[in-house]
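*Asks:* Following this message is one structure expressed as structure tokens.
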Amino acid sequence: MCYTQKKLTGFTLIELIVTVVIVAILASVAMPVIQLNVKRAKETELRANLRQIREAIDAYKKATEEGRVKKSIEQSGYPPNLLLLVTGIEDEKDVNKKKIKFLRRIPIDPMRTRNVEKAEDKNQEWGLRSYLSAPDKPLEGEDVYDVYSTSTEVGINGIAYAQW
């Protein structure tokens with residue numbers, strides 16, 4: 001009597017458990033790296049968005065100094081709100097009174113958790129600092145001298161996003 005044994009192929013339970021444990025260890029090592037990369041990408045976007053808004057505010061101020069934007073003697077020459085940078089203002093030196101636009105859209109604050117779709121809401125998403133407010137205690141006022149993130153989080157460099 002000859003018994004033929006079929007050779008069984010496949011994984012044993014031990015091999016399967018060892019494989020799952022190894023994959024879990026690799027995933028637990030990779031997660032902090034992935035989270036750090038996501039945070040770093042958001043910080044890069046925040047820097048770029050702040051720079052874009054600040055450059056538009058500076059361009060508005062320069063246009064005011066050149067006489068292209070009408071202002072009264074009491075005004076600082078900075079825009080009254082961020083939305084004006086998008087909608088534009090009449091060029092006083094242009095014969096046709098074409099509008100000067102400083103931004104295509106108001107960039108979002110990537111550190112904020114909620115998404116804002118309307119331009120009016122994006123104006124409220126950023127913290128606004130008036131020309132007359134102190135640098136260490138920014139307050140809103142009649143104009144927009146600077147913007148900052150309203151996030152309470154701290155960046156990778158240890159500095160709060162509101163101070164960038």
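The values are calculated or read from the model by the stated rules, or taken from the named source; none is laboratory data. Every value quoted in this text rests on a predicted model; they were computed, and no experiment measured them. Each accessible area value is taken on the protein alone, full model and side chains, heavy atoms only, with ligands, DNA and RNA left out. Shrake-Rupley method; radii C 1.70, N 1.55, O 1.52, S 1.80 Å.
*Asks:* Would you mind checking the tilt of helix 13-65 against the longest principal axis of the Cα atoms of the chain, expressed as 0 to 90 degrees and rounded to 10?
*Replies:* 10
*Asks:* Also, I was wondering about something else. Please check: in the Gaussian network model of the chain (C-alpha springs, under 10 Å), which one of THR44, THR12, THR152 has the largest mean-square fluctuation.
*Replies:* Among THR44, THR12, THR152, the largest GNM mean-square fluctuation belongs to THR12.
*Asks:* Then there is this: Over the chain, average the accessible area per residue using a 1.4 Å probe and give it in Å², no decimals.
*Replies:* Value for the chain: 72 Å² per residue.
*Asks:* Then there's this: Show SER130, SER76 ordered by accessible area, largest first, where the area counts protein heavy atoms only and the probe is 1.4 Å.
*Replies:* So the residues, ranked largest to smallest area, are SER76, SER130.
*Asks:* For the chain, with all protein chains present and a 1.4 Å probe, just round the carbon and sulfur fraction of the accessible area to a whole percent.
*Replies:* 57
*Asks:* Okay, moving on. In a GNM of the chain with a 10 Å cut-off on Cα contacts, which of GLU66, GLU74, GLU15 has the highest mean-square fluctuation?
*Replies:* Result: GLU15 has the largest fluctuation of those listed.
*Asks:* In whole angstrom, and with the biggest value first, how far do the Cα coordinates of the chain range along each principal axis?
*Replies:* On the principal axes, the chain reaches 112, 39, 22 Å in Cα extent.
*Asks:* Which of ASN49, ASN37, ASN81 ends up with the largest GNM mean-square fluctuation for the chain, with Cα atoms connected below 10 Å?
*Replies:* The residue with the greatest mean-square fluctuation here is ASN37.
*Asks:* Among the listed pairs LYS42/LYS70; LYS42/LYS99; LYS97/LYS137; LYS42/LYS137; LYS62/LYS97; LYS39/LYS137, which have their C-alpha atoms separated by more than 29 angstrom in this model?
*Replies:* Table pairs above 29 Å Cα-Cα are LYS42/LYS70; LYS42/LYS99; LYS97/LYS137.
*Asks:* Next up: For region 1-97, what are Rg and Dmax over the alpha carbons, in angstrom?
*Replies:* 32.8, 113
*Asks:* Then there is this: From the square roots a ≥ b ≥ c of the eigenvalues of the alpha-carbon gyration tensor of region 6-53, which class results: rounded (a/c under 1.5), prolate (a/b over b/c), or oblate?
*Replies:* prolate
*Asks:* Another question, then. For region 60-100, what does the alpha-carbon gyration tensor say about shape, rounded, prolate or oblate, given a ≥ b ≥ c as the root eigenvalues, a/c under 1.5 as rounded, and a/b over b/c as prolate?
*Replies:* oblate
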